[in-house]
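The values are calculated or read from the model by the stated rules, or taken from the named source; none is laboratory data. Keep in mind that this is a model prediction, so the values were computed, not measured. In this analysis, Cβ positions are derived from the backbone assuming ideal geometry, glycine residues included, and neighbour counts consider all displayed protein chains.
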Amino acid sequence: MPIFSVADLRVAFGGVDVVHGVSFSVESGRTLAIVGESGSGKSVSLLGATGLLPPAASVRGSVLHKGDEILGLSAGDLRRRRGADIGFVFQDPLSNLYPLKTIGQQIAEAITAHRRVGRGELRQRVLDLLADVGIPDPSARVNDYPRQFSGGMRQRVMIAAAIALNPGLIIADEPTTALDVTVQASILDLLKRIQQDHGTAMIFVSHDLAVVSDIADDVLVMRAGHVVEQAPAELIYRAPRQAYTRELLGAARLGGLVARAARSSLLPALPSMPDLLSVSAIARSFAGRSAAGGLIRPVLTNISFTVRENEIVGLVGESGSGKSTIGRLIAGLDRPDEGSISLRERIYSRPGVGGIAIDRKLRSDIQVIFQDPYASLNPRRRIRSILAEPFIIGTRLDAAAIRRRVQDLVRDVELPDDVLDRYPAQLSGGQRQRVAIARAIALEPSLIVADEPVSALDITTQAKIIRLLQTIRRQRGLSLLFISHDLGVVSELCDRVIVLEKGVIVEAGETGRVFGAPRHPYTVRLIDAIPGKVLRRNPVPERIAAHA
């Protein structure tokens, strides 16, 4: 008998249906994955089924939990069920953990909200939970605040709170999307271990079928509020019936990183182009306690590499490896403590030189695309104004010429002209990132520093943005430093790759060689952590790949 069953679920806002007759169920010990693009209705369906939507939402249908209808229950009764027997793990732990309470207090609240527990027993239970989810030295960390933990460790804290009362069902909504590959793999392993130890049912929401392949027993595919396809995971991956499912499989890069890299390693060597950017023996440290107990924390040590004309170089590594610090130094947003950075053999950044002191011409020659298109665009300005700003600041063009250039930009990034009169909030995540790309190329730079530009996007939107970057590179002949924790994306886009571990370059070379025959143990570990092990062991048939 299913522990959780949804039948003909319909959700509407303001009389407009956004979820259309969704049905699914999950049994104890099994994992149902719900997949689809952003806006497909995955999260709304689960929030509606568990009573977490705002009162303005209309929710109809049937939702059974342990055989009991819960859709019409009072808010209090639903709260008791959610806390005691349905645990939630959400995507962004930093937003879902209260910053002014310790992690111990927050896990304790998850327990005391539903049970009366003595102080000593409560503390021991919290410590046991932290140990269970892999937090090192729980007694020392229990009084720390969320800001004192990495993203992966914060997600472990969220999981500890979710399993505090041994729920029969865990709902994990994009729990690994913002994490690097090794942390993502460890979180997936943790969820699987918890499920095996306790026989828990799990509903796992994701846009990435490669991630889902490592954890799901059954898969439900959604699009625009409808169920497109539903089947055991093996059937979804081996014989998908619907074109949309095949599209998602294609976007998940099912050819496999290693196989693709091996093929690319057989290609001719890249033509020799002159160096555009040269980074020479740079180092950077920040104030803060180091592992050795000092007050200066080294972030980068002896970093040297080049980026050639018309080349895309990938910079990969785990969170905290120093990738974004390198990007900031190259973009002139910070300056190194040692070493130098030059563009076309002109040194523009070294100790005491750089940062805000960089001249306007150089700033226009190096542009940045940031990770979060929601935060990098001014929400109070229309897109027309956002795209006009680089021309107003960096050129002497008149108003009519600026209008023409802005219209050309939106077409270059494959957006319709009507977006110019909209605000960022009226655009999708992919459209926002296209606007950010348009702004970056406005002054025809030689180099773009792209810092995790697709990590906040769903898998199909990622594929479209990658194709756009490839087109822009080809048409404009510019170079990119592409910073990412997603090795699959890097393998598709980059000519060469640099692997960074704890502020040190441990491997570098042409992408096909590095991913096809890695030489450093850390690179091997990164590749082994890529989701989709099941798919790499059982490659998708060529006829399916051809449709994707």
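Overview of results
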| item | result |
| --- | --- |
| Any hit, segment 117-128, residues being under 23 Å from LEU52 (Cβ atoms) and either of a type outside the set (S, T, N, Q) or within 30 Å of the chain's Cα centre (by Cα) (or both) | no |
| Residue count for segment 371-402, restricted to those that are touching a Lys or Arg at 6+ places or on another chain (Cβ under 7 Å) and either modelled with pLDDT under 90 or not aliphatic (A, V, I, L, M) (or both) | 6 |
| All strands (runs of 3 or more DSSP E) inside segment 179-239 with 3 or more residues being more than 24 Å from the chain's Cα centre (by Cα) | 226-232 |
| Residue satisfying condition, being assigned to a loop (DSSP other than H, G, I, E, B), touching a residue at least 24 places away in the same chain (Cβ under 8 Å), within 30 Å of the chain's Cα centre (by Cα) and assigned by TED's automatic domain parsing to the domain that holds ASP144, within set LEU94, LEU53 | LEU53 |
| Conditions (1) surrounded by fewer than 18 Cβ atoms within 10 Å (Cβ to Cβ); (2) in contact (Cβ under 8 Å) with a residue 60 or more places away in the chain; (3) among the acidic types (Asp, Glu); number of the one not met by ASP398 | (2) |
| Qualifying residue in segment 29-49 (condition: basic (Lys, Arg), touching a Gly at 6+ places or on another chain (Cβ under 6 Å) and surrounded by 20 or more Cβ atoms within 10 Å (Cβ to Cβ)) | yes |
| Out of ARG119, ARG115, ARG156, ARG141, sole residue that is in the same structural domain as VAL63 (by TED's automatic domain parsing), surrounded by fewer than 21 Cβ atoms within 10 Å (Cβ to Cβ) and closer than 22 Å to ARG82 by Cβ | ARG115 |
| Number of the condition not met by PHE88 [criteria: (1) more than 29 Å from the chain's Cα centre (by Cα); (2) in a strand (DSSP E or B); (3) not β-branched (Val, Ile, Thr)] | (1) |
| Close pairs (7 angstrom Cβ cut-off, 6 or more residues apart or separate chains): closer than 14 Å to LEU191 by Cβ in segment 206-221, assigned to a loop (DSSP other than H, G, I, E, B) and of a type in the set (Lys, Arg) anywhere | ASP217/ARG30 |
| Members of segment 200-225 that are out of contact with any strand residue (DSSP E or B) (no Cβ under 7 Å at 6 or more places or on another chain) and closer than 21 Å to LEU46 by Cα | ASP208, VAL211, SER213, ARG223, ALA224 |
| Scan of segment 98-112 for residues that are in contact with a Phe, Trp or Tyr (Cβ under 8 Å, 6 or more places away or on another chain) and either outside the structural domain of MET158 (by TED's automatic domain parsing) or within 15 Å of ILE163 (Cβ to Cβ) (or both), ordered by number | ILE103, GLN106 |
| Every residue from segment 1-41 that is at pLDDT 95 or above and either charged (D, E, K, R) or assigned to a helix (DSSP H, G or I) (or both) | ASP8, ARG10, GLU27, ARG30 |
| One residue from VAL435, VAL489 being surrounded by 21 or more Cβ atoms within 10 Å (Cβ to Cβ), closer than 30 Å to TYR244 by Cα, in contact (Cβ under 8 Å) with a residue 40 or more places away in the chain and not basic (Lys, Arg) | VAL435 |
| Qualifying residue in segment 496-517 (condition: of a type outside the set (Gly, Ala, Ser), within 17 Å of VAL313 (Cα to Cα) and assigned to a loop (DSSP other than H, G, I, E, B)) | no |
| Helices (runs of 4 or more DSSP H) lying entirely in segment 358-456 (those with 1 or more residues that are in contact with a Ser or Thr (Cβ under 6 Å, 6 or more places away or on another chain)) | 360-365, 383-394, 429-441 |
| In segment 316-345, the residues that are among the acidic types (Asp, Glu) and in contact with a His (Cβ under 9 Å, 6 or more places away or on another chain) | GLU318 |
